[in-house]
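The values are calculated or read from the model by the stated rules, or taken from the named source; none is laboratory data. Note that this is a predicted model, so its numbers are computed, not measured. Please note: Cβ atoms are built from the backbone with ideal geometry, for glycine as well, and neighbour counts cover all protein chains shown. We work out accessible area using only protein heavy atoms, side chains counted, and drop any ligands, DNA or RNA first. Shrake-Rupley method; radii C 1.70, N 1.55, O 1.52, S 1.80 Å.
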Amino acid sequence: MRYALAAVRKWCRGFAEVIVVTPRTGAAAVRRAAGGGVRLEVGPDYRDDYLGQQVSKLHADEFTAADLICHIDSDMIFSRPVSPADLLVDGRPWIVRRAVAELGRHRPWLAPTESFLGRTVAFDFMQQPPFTFPRRLYPELRALCLERHGIPLDRYVAGRPPRGFSEFNVLGAHAHAAHRPSFTWYDAKSADAPPLLCRWYWSRAGIDSGLRQELDLVVREPPTAEPFGRDRSG
């Protein structure tokens, strides 16, 4: 997380604010590590915080008044200058998708996404971070969960088996089905796809000396003043 936030401070301009969400357990340590220039939101503890952190993201509209919400995880490290304009094409958020047929046998998020939404899903939407969505999608998904499954979204997600839900795939698949014209879509193999804004690692693998050197190079330059500016994207 320290590296992710250092990269935000170094590379990101024009965003309204940076919000870090943490479970109650460990919040003091997260607050110390996060440093200044961010707003910390403390949420409940979950038995499996891999699922719990997805609940937090699916309530992102309750943490900010921004019209668009840009998500990164702690293992997504910005590596080039980024402003809200880089997240939009013709005023619409872009999403990179990959056809399910191209995934081979490794498609762990397909069945949970289809089960939640109640429809066939033809694409994987967790292809290229950061992931940006308009705030209206979040209450729509919470309402869909109540209508289709009869329980609040937090209970549904927290009740899934380990690694049994994919928030970014659910958001992307819902956007694709219900709001397709409001987004710009790119196939993962397309030469026209947006440039890579983040390096994407795997947090559970830890940080060895080689990776630490790589991350140090990405964030080593000191941040300039006023890194975030004012905008309506969060």
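Here is how the numbers come out for the structure above:
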item: Label point distance in nm, Trp200-Thr120, each placed 7 Å from Cα along Cα→Cβ; result: 2.5
item: Highest-MSF residue in the chain out of Asp49, Asp124, Asp192 [GNM, Cα springs under 10 Å]; result: Asp192
item: Residues of the chain: accessible area per residue with a 1.4 Å probe, Å²; result: 51
item: For Ile19, distant residues with modelled amide H under 5 Å away; result: Arg39
item: Other-chain or far-sequence residues with amide H under 5 Å of Gly43's (modelled H); result: Thr22, Arg24
item: Per-q log10 I(q)/I(0), the stretch 1-153, q = 0.13, 0.19 Å⁻¹ (Debye; single scatterer per alpha-carbon; no solvent); result: -0.72, -1.45
item: The chain - percent of accessible surface contributed by carbon and sulfur, probe 1.4 Å; result: 52
item: Difference of contour (0.36 nm per residue) and Cα-Cα distance, Ala188 to Val42; result: 49.1 nm
item: For a label point 7 Å along the Cα-to-beta-carbon line of Glu17, residues of the stretch 41-70 with backbone N under 17 Å; result: 41-43, 57, 59-70
item: Under 15 Å from the Ala111 label point (7 Å along Cα→beta-carbon), backbone N, the stretch 127-163; result: 160-163
item: Chain lengthening between Glu214 and Asp90 when straightened (0.36 nm per residue, less Cα-Cα); result: 41.2 nm
item: Nearest-ten-degree value, helix 2-11 long axis tilted from longest Cα axis of the chain; result: 80
item: Extension gain (nm, one decimal) between His179 and Leu146, 0.36 nm per residue minus Cα-Cα; result: 9.9 nm
